[in-house]
Amino acid sequence: SSTVKTVPPSGGQATRICGLTSRSLDWARLLGLAARHGLQPLLYRGLNTACPGAVPSDTLTALRAHYRANTLRNLRLARELLRVLEVLEDAGIPAIPFKGPVLAETVYGHLGLRESGDLDLLVRREDALRAEAALGALGYRPHFDLAPAQKSALLRSDDEHPLVRHDGAFALDLQ
């Protein structure tokens, strides 16, 4: 397979990570940068695997808590993705999931290693309104309340059709 999955640091990588942690680090700044770039799960895995004893306990605890919460969120997203794909398949609408939990598993090899906020699906432009209608059975509705003419114009001019579940638990982008 041509898929590249991240692997925990070992050997030389682990030694370099441990060497970096032995320096005077601004841990709060490192956590802030990791959060801003969506890399807290990968930072946690790298530090926890290479040299957890060299990381301040409050930092490692915060990273572990974020990692666990992220894993649970992505498990819920993956479960919802399966429900969405089943509804679209039953409606005869081809859809290809990408980003989110699919990317996490495919590239990183673990749902917990990539941060995701929504689900993204590729659908044919001509199927977007049918997909929206089919996903109504799961409680999805358009993110924007538009008149039919506005919705048609948006679908002609934009490549993204955002939906949100009625309870706000999930967002989905038809692209």
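The values are calculated or read from the model by the stated rules, or taken from the named source; none is laboratory data. All of these numbers come straight from a predicted model, not from anything done at the bench. Here the Cβ is made from the backbone with ideal geometry for all residues, glycine too, and neighbour counts use every protein chain on show.
Residues considered: 35, 62, 50. Of these, the only one that is of a type in the set (A, V, I, L, M, F, W, C) and either surrounded by fewer than 15 Cβ atoms within 10 Å (Cβ to Cβ) or within 30 Å of residue 175 (Cα to Cα) (or both) is 35.
Could you say whether any residue in the range 82-103 is at positive phi and over 19 Å from the mean Cα position of the chain (by Cα)?
Yes.
When the range 83-132 is limited to residues that are of a type in the set (Lys, Arg) and part of a helix (DSSP H, G or I), the one that is surrounded by the most Cβ atoms within 10 Å (Cβ to Cβ) turns out to be 130. Those residues that are small (Gly, Ala, Ser) and either part of a helix (DSSP H, G or I) or at pLDDT below 75 (or both), I need them from the range 136-162; list them, please. 136, 137, 147, 149, 152, 153, 157, listed by residue number. Taking the stated definitions as given, is residue 60 aliphatic (A, V, I, L, M), over 21 Å from residue 119 (Cβ atoms), free of Cβ contacts under 8 Å to residues at least 24 places away in the same chain and not in a helix (DSSP H, G or I)? No; evaluated as a whole, the condition is false for this residue. Looking only at the range 65-82, filter to residues that are exposed (fewer than 15 other Cβ atoms within 10 Å of the Cβ) and among the basic types (Lys, Arg); which one of those is nearest to residue 136 (Cα to Cα)? Filtering the range 65-82 for residues that are exposed (fewer than 15 other Cβ atoms within 10 Å of the Cβ) and among the basic types (Lys, Arg), the one nearest to residue 136 (Cα to Cα) comes out as 79.
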